[in-house]
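The structure under discussion appears below in the form of structure tokens.
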Amino acid sequence: MRKYYFLFAVLCSAIVFAQEVSKERVTKVLSALASDKMKGREIGTPENDSAAFYIAQRFQENNLAFCTGDSYLLPFEYKGKVAYNVCGIQKGKSEKILAYSAHFDHIGSTNKNGDNVYNGADDNASGVTLVVGLSDYFKNANPDFSMMYMAFNGEEKGMKGSKALADTQNLQSTFSKISALFNFEMVASVSQFGKNALYMTGDEFSDFDELLNANAENQLKIYPDPYLGQQLFYRSDNVSFVKKKVIAHSLSTVDMNVAKHYHQLNDDVNIVNFDNLTSIINSFGKTIQKLTPENFNPKYNENVNLN
Ligand SMILES: [Zn+2]
């Protein structure tokens, strides 16, 4: 009898609770996005569309609802062509939303002989993989917060996709329910702060990082942006939402002072630390599971520029 009870308990926990994401899954998703077949995912190319479709399929696999309309793919116009952002949502116990985002486009390929694809494994297949990984993690959970997952297009051409998405009329009431937006940007390496650590842009503008660190699991830790001179807070997709007064920060692991792969042909799958990325996904999952609208309600201070 006890044996059956145990089996029943195991089955229930598989149905109701969040589950750890495997390194195999993380490797598979990142490698697909950064494969030569995607030809560097430049906006306006069929391969950029393929990347959007690939992300939409992962959202479907995880039973996300559409953010608006009847598709995860939200079209916008780029140079006379249709390009897509990708957006999915999971209802939680509260109407309040935690949003996760990353840009999926990159800078394409060249005509040179040899390796001519800018695979963008770190920039930013890694960030998208983290977003997909979180939707994997919460697939069977019933979190306190509702969850919104977004993959932006056209970042490399001036944050076109995040601007278009942030301006989408039908989504304004949804955006007004966002308690915080986590924008992930280049998270493939172990940061200068060690494993399971990221830095956050604009930490001086809100208490986002303090509140998150207070609930951190598995030694996950968010550090202040060490590259303050670069004004990264205002140079990433999060800013499209900052302008909507949403608490939105970018989180990264890349060491801007030593990275040799930024917008280079060697930004390839072989530079990705999959152990660390998997650990970051599961640590975020475990941490976020503890967050409620009561214990996580970050606010900007007066130093932020919302325009
Ligand atoms: Zn880039």
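Bridges between two residues of the chain, per DSSP, are antiparallel at a rate of about 45%. Karplus-derived 3J(HN,Hα) values for the range 19-36, using 6.51 cos²θ - 1.76 cosθ + 1.60 with θ = phi - 60°, are 9, 4, 8, 7, 4, 5, 4, 4, 5, 5, 5, 5, 5, 5, 5, 9, 6, 4 Hz; glycine and proline are entered as x. Which FRET efficiency value, to the nearest 0.05, do you get for Gln219 and Asn142 by plugging their Cβ-Cβ distance into 1/(1 + (r/R0)^6) with R0 = 30 Å? E between Gln219 and Asn142, to the nearest 0.05, is 0.70. Between Val258 and Glu61, the modelled labels are 3.4 nm apart [label points 7 Å from Cα along Cα→Cβ]. Note on the chain: with charges restricted to the Cβ of Lys and Arg (+1) and Asp and Glu (-1), its dipole about the Cα centre is near 720 debye. Taking amide H as placed 1.01 Å from N in the peptide plane, the amide H of Asn119 sits under 5 Å from that of Asp267, each at least 5 places away or on another chain. Relative contact order of the range 18-289: 24 percent, from C-alpha pairs under 8 Å at least 6 residues apart in sequence. For chymotrypsin sites (Phe, Trp or Tyr not before Pro), the sites in the range 102-199 that DSSP calls loop and that have at most 16 other Cβ atoms within 10 Å are Phe193. The orientation-averaged shadow of the Cα convex hull for the range 18-289, equal to a quarter of the hull surface, comes to 13.2 nm².
Restriction of the trypsin sites (Lys or Arg not before Pro) in the range 94-141 to DSSP coil positions whose beta-carbon has at most 13 other beta-carbons within 10 angstrom yields Lys112. Once the Cβ-Cβ distance of Gln230 and Lys112 is raised to the sixth power relative to R0 = 22 Å, the FRET efficiency obtained is 0.15.
Read-outs: derived from the displayed coordinates by stated rules, not from any lab. Every value quoted in this text rests on a predicted model; they were computed, and no experiment measured them. For neighbour counting, all protein chains shown are included, and Cβ atoms are generated from backbone atoms with ideal geometry for every residue, glycine included.
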